[in-house]
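Q: Quick one: the structure is below, questions incoming.
No value in this document is a laboratory result; all are computed from the given coordinates. Here the structure is a predicted model, which is why all the values come from computation and not from measurement. In this analysis, Cβ positions are derived from the backbone assuming ideal geometry, glycine residues included, and neighbour counts consider all displayed protein chains.
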Amino acid sequence: MQTTSGTAKTLVAVVHSSLLLRTGLTSLLSHSKNTDTISAPHLDDLISVTPPNRTIDVVLVSIDDFQTQITSLANFRAHNPRVRIITLAHEYDAEHLFALFNLGVNGALLDDVSQTAIELAFQLITEGEKIYPSNLASIMMERFHFMSSLELDSIDALDIDLSPREQEILECLASGDSNKRIAIRLNISEATVKVHVKSILRKIKVDNRTQAAIWALRSQPRSHEYSPALS
C-alpha cells in the first residue's frame, strides 16, 4: 500500500483477457478514493504494469480456462504469498473450488455478480474473510446427492488395496489438484501421475477424478469451514 495525504491506498490489479471487460472492471473498482487500479490480460503481465515502489494488494483474475490458468495461479501465489486473490468465473464445480482454495485463493465470485457484491467482497477480503460463490449451496448439494447414491460396497476403504503412492495421489485429488500440480508436489512425472490415477479409479470403482475425490472425502472425512456466499 502507498500513503497519500495520510491515507493508505490499496493497489488492485484486474486480470482479464478481454480488453473491454478489463477496462470496465478497472473503471468500476477505481471509483473508490482509497484504491489505485492497474490491469493486464494475463497474470504474467502484471510485473510490467505495476508502478515502481508499489506492491499489489489484491488481484481480481478472470478464469475462462481452468485447466490452463490453474498453473499460472499456482505460480503467481508461490511468488506472491501476501497478495489477496479473487477469481471471477462463469461457473465453478466442486473440483475447481477445492483446487482454488487449496492454492490459497481468498475468494471466488461468479461473473454475473452485482457491483455491490464486488465492492462488499473486496471489503471482506481486506478484512481477512474468504468469499465463496453464490452457487456454493447447489454445488455442495450435488456433491452430497452423488455421495449418497454411491453403493456401500464401492466406498468401503477397508476393502481397497492402495499403494502408499496411490494414497498420496488420492489425497491430492481430494484437494482438487490437477495432474500437473500433483506431479510438482510429489516430484514425479505427469505421465506417472496419470498411470496412478487410472489405477486408483479402477480400484475404487469410479469413473473420473471428481468421483475419486468424493470417494476419498467420504472415506476419510475432513472438516471444512465455509463463509456466507455473496449473491
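Q: Pop the C-beta distance of SER30 and THR71 into the FRET formula with R0 = 30 Å and round what comes out to the nearest 0.05. Please list the in-between numbers first.
A: Numbers: r = 30 Å, r/R0 = 0.99.
The formula returns an efficiency of 0.50 here.
Q: Something else: Could you work out how far apart the two model spin labels at ARG202 and GLU168 are, taking each label as a point 7 Å from the Cα in the direction of the beta carbon, and quote it in nm?
A: 2.1
Q: Can you work out the PRE-style zone for LEU120? Point 7 Å along Cα to Cβ, and I want the residues of region 53-89 with backbone N under 18 Å.
A: 86-89
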